[in-house]
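First the structure, in the form of structure tokens, and then the observations on it.
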Amino acid sequence: MSTVFVAGATGRLGRLIVDSLRRRDVRVRALVRPGNTEGRQAFDDPAIEIVEGDIRDPADRLTRALQGVDVVVSAVQGGAEVIIDGQVNLLRAAEQAGVPRWIPSDFSLGIDRLDYGDNDFADLRKRAAESYRSSTVAPTSVLIGAFLEVLNMPFYNWVDWESGTFNYWGDGDQPVDFSTYSDTAEWTAEVALDPSAAGRTVRVAGDVLTLKELRRAMERGSGRRLEARQLGTTDDLRAEIECRKAVATDAFEYLLLQYNWAMVTGKGKLDPLDNHRYPGIQPIGAEEYFRQTMR
Ligand SMILES: NC(=O)c1ccc[n+]([C@@H]2O[C@H](COP(=O)([O-])OP(=O)(O)OC[C@H]3O[C@@H](n4cnc5c(N)ncnc54)[C@H](OP(=O)(O)O)[C@@H]3O)[C@@H](O)[C@H]2O)c1
């Protein structure tokens with residue numbers, strides 16, 4: 001039986017990854033930060049060993065917790081101190097412990113195709129990946145497009161269900177990749193148990209739709225009408241990002257537009273997709289997702 005160490009196990013994706021691993025009868029070692037009592041209590045299963053700690057802990061402490069581990073999965077979220085410093089620290093500990101493989105916390109659109117400067121969060125992951133290259137621990141980057149769940153968050157300004165408006169940039173004809181958190185967790189568990197994924201990038205998506213198709217899928221799924229509202233061209237979007245960036249005090253003031261830009265220009269498109277490598281996973285598409293969540 002494999003043992004998988006999950007960092008970020010108490011997060012939205014991390015919890016689902018733990019569940020997906022347990023459904024496959026994998027022994028899980030879950031890293032829970034000190035003081036996260038609620039997160040700790042969620043793991044009521046003797047096959048889940050809780051390790052209290054932080055990925056920025058001294059590496060020798062983490063090395064002890066990583067003894068006997070086959071794969072490290074990271075589903076952490078945060079800034080440079082977590083995505084770069086923390087994950088590289090975790091990787092060094094994994095090297096010391098002789099762990100053969102790991103999955104860093106990428107779970108995004110095609111960040112490997114983006115240039116530095118295109119997306120601040122992708123930059124962190126790209127910079128961290130430069131440290132992985134020479135490591136004895138083989139990385140597998142799992143890329144899934146955009147989470148369908150985020151489309152519903154008002155913060156993202158994609159859809160306003162109250163006014164019945166679907167907002168988009170560009171011409172709406174560029175195919176975009178979408179996946180749910182649950183399907184991403186299932187793929188991650190499969191990848192963790194697939195030694196042939198070592199050193200590769202795995203690109204998977206639950207659905208691939210242009211934004212025009214996405215609007216119609218949302219309408220069919222939810223049973224509600226959404227009027228399309230074009231916010232501008234992709235060049236307008238780029239200009240809006242630069243404007244906001246020039247005066248921003250926080251990356252979140254323009255970050256979501258950067259993700260949007262990578263989607264609607266096709267620069268972050270996942271290609272080719274590896275869904276066929278994991279035929280046991282039948283992901284749900286956008287229409288079904290909105291049927292399940294909006295009815
Ligand atoms: N493609 C998309 O559309 C999309 C959208 C959202 C997120 N994502 C990606 O999905 C991944 C997971 O995101 P999420 O939404 O599940 O995040 P989340 O719910 O915020 O969970 C983050 C996890 O990281 C843990 N963590 C943070 N700093 C840590 C540290 N120093 N040491 C140990 N653990 C630490 C948190 O612990 P605590 O519980 O103790 O805070 C939590 O378990 C990230 O890579 C994120 O970028 C992708």
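A few notes on this one:
- Annotation: for a label point projected 7 angstrom from Cα along Cα→Cβ of Asp236, no residues of segment 111-128 have a backbone N closer than 20 Å.
- Each 10 Å bin from 0 upward holds the following percent of the Cα-Cα pairs of segment 125-207: 15, 34, 30, 16, 4, 0.
- Averaging Cα coordinates gives a centre for segment 177-213 and one for segment 53-118; these two points are 19 Å apart.
- Computed from the C-beta positions of Thr165 and Arg295 and an R0 of 22 Å, the FRET efficiency is 0.65 to the nearest 0.05.
- Histogram of C-alpha separations across segment 78-152, 5 Å bin width, %: 3, 16, 25, 24, 17, 9, 4, 1, 0
- Only DSSP H runs of four or more residues enter the estimate; each adds -39500 (n - 2.57), and after division by the residues of the chain the mean residue ellipticity at 222 nm equals -11000 deg cm²/dmol.
- The C-alpha atoms of the chain define a longest principal axis, and helix 120-132 lies at about 30 degrees to it.
- Extension gain, Ala246 back to Arg61 (0.36 nm per residue minus Cα-Cα distance, nm): 62.4 nm
- Relative packing of peptides 145-151, 170-176, 23-29 - highest average C-beta neighbours within 10 Å first: 145-151, 170-176, 23-29
- Residues of type aspartates and glutamates that Lys212 reaches as a straight line, Cα spacing below 14 Å, ignoring anything fewer than 8 places off in the same chain: Asp171, Asp173, Asp177, Glu227, Glu287
- Residues of type lysines that Lys245 reaches as a straight line, Cα spacing below 26 Å, ignoring anything fewer than 8 places off in the same chain: Lys126, Lys267, Lys269
- Helix 234-247 axis versus longest C-alpha principal axis of the chain: approximately 60°, rounded to the nearest ten.
- Our compactness index for segment 1-127, the C-alpha radius of gyration over the empirical 2.2 N^0.38 Å, is 1.04.
- Placing a label point 7 Å from the Cα of Arg220 along the Cα-to-Cβ direction, the residues of segment 251-295 with a backbone N closer than 17 Å are 283-295.
- Restricting the calculation to Cα atoms, every distinct pair contributes to the Kirkwood radius of the chain, found to be 19.9 Å.
Since every read-out is calculated from the coordinates, none of them should be taken as a lab result. Model, not experiment: these values are computed from the prediction. Methodologically, a virtual Cβ is constructed for each residue, glycine included, from the backbone with ideal geometry; neighbour enumeration extends over all protein chains shown.
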